[in-house]
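Undergrad: Structure incoming, see below.
The values are calculated or read from the model by the stated rules, or taken from the named source; none is laboratory data. Treat the numbers as computed from the prediction; the structure is a model and nothing was measured. Here the Cβ is made from the backbone with ideal geometry for all residues, glycine too, and neighbour counts use every protein chain on show.
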Amino acid sequence: MRRCCIIPAAGRSSRMGAWKPMLPWGDTTMCGAVVNTVLSAGLHPVVVAGYRADELVAAFMGRLDVTVVVNQAWELGMLGSVRAGIEALSLIAAGFDGFFVAPADMPRLPAIAFALEIEEAERHAADGKACAVFAARAERLGHPVWIPAAFVPGLAGRDPDSRLRDYLLGHSWTSAQVDDDGIFADIDTPETYAALNSH
């Protein structure tokens, strides 16, 4: 089954003071680094653009291994971007059993996290249980997160500015232990960007 990862990249990056998705990261960009990690994990990336959407569309133009969709209502909140990504999934992976969400400002996510979460999700599915799976370390939850297809109808009716994590934690969930602090490394400030990009 073809599995996908939705990468929300629609926001304005107001706390950073610069637009994060296209900031340099190694030999690519922050969003490009997340896309590369998703691809290395054997998944299909679905980048959701909004603010400055034309630039993200152009960045991945002509690439068959990446899908870019535009959330026209991106200012209403990130959950709306996740829903825009879900709409694309039916065309990319018909009959999908679930999907990942990994923010575009987390370029240090480890590819192993996706495999560990799929393993955990499949173990629960074999017992007839649909549950979200978070990457975790020392009881702290991080990214990416696996969301089973059974949760999609419940996401449809929520306000686009509501927190996805709150919804998931209010339902059945578990975690996969990942020995890498990259699962917590979201980049929101110039100081964090400078510190993490130097490694």
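Undergrad: Those residues that are part of a helix (DSSP H, G or I), surrounded by fewer than 22 Cβ atoms within 10 Å (Cβ to Cβ) and touching a strand residue (DSSP E or B) at 6+ places or on another chain (Cβ under 8 Å), I need them from segment 56-77; list them, please.
TA: Result: VAL57, ALA59, GLU75.
Undergrad: In segment 172-196, how many are of a type in the set (Val, Ile, Thr) and in contact with a Lys or Arg (Cβ under 8 Å, 6 or more places away or on another chain)?
TA: 4
Undergrad: Out of curiosity, is LEU43 farther than 12 Å from PRO107 by Cβ, surrounded by fewer than 20 Cβ atoms within 10 Å (Cβ to Cβ) and at pLDDT 95 or above?
TA: So LEU43 does not fit the description; no.
Undergrad: Same structure again: Mind listing just one residue for me: the one in segment 2-15 that is surrounded by fewer than 18 Cβ atoms within 10 Å (Cβ to Cβ) and in contact (Cβ under 8 Å) with a residue 24 or more places away in the chain and, of those, farthest from the chain's Cα centre (by Cα)?
TA: Filtering segment 2-15 for residues that are surrounded by fewer than 18 Cβ atoms within 10 Å (Cβ to Cβ) and in contact (Cβ under 8 Å) with a residue 24 or more places away in the chain, the one farthest from the chain's Cα centre (by Cα) comes out as ARG15.
Undergrad: Among the numbered criteria (1) assigned to a loop (DSSP other than H, G, I, E, B); (2) among the small types (Gly, Ala, Ser); (3) touching a Gly at 6+ places or on another chain (Cβ under 8 Å), which one does SER13 miss?
TA: Condition (3) is where SER13 drops out.
Undergrad: Can you find a residue in segment 98-111 that is over 13 Å from the mean Cα position of the chain (by Cα) and of a type in the set (Asp, Glu)?
TA: no
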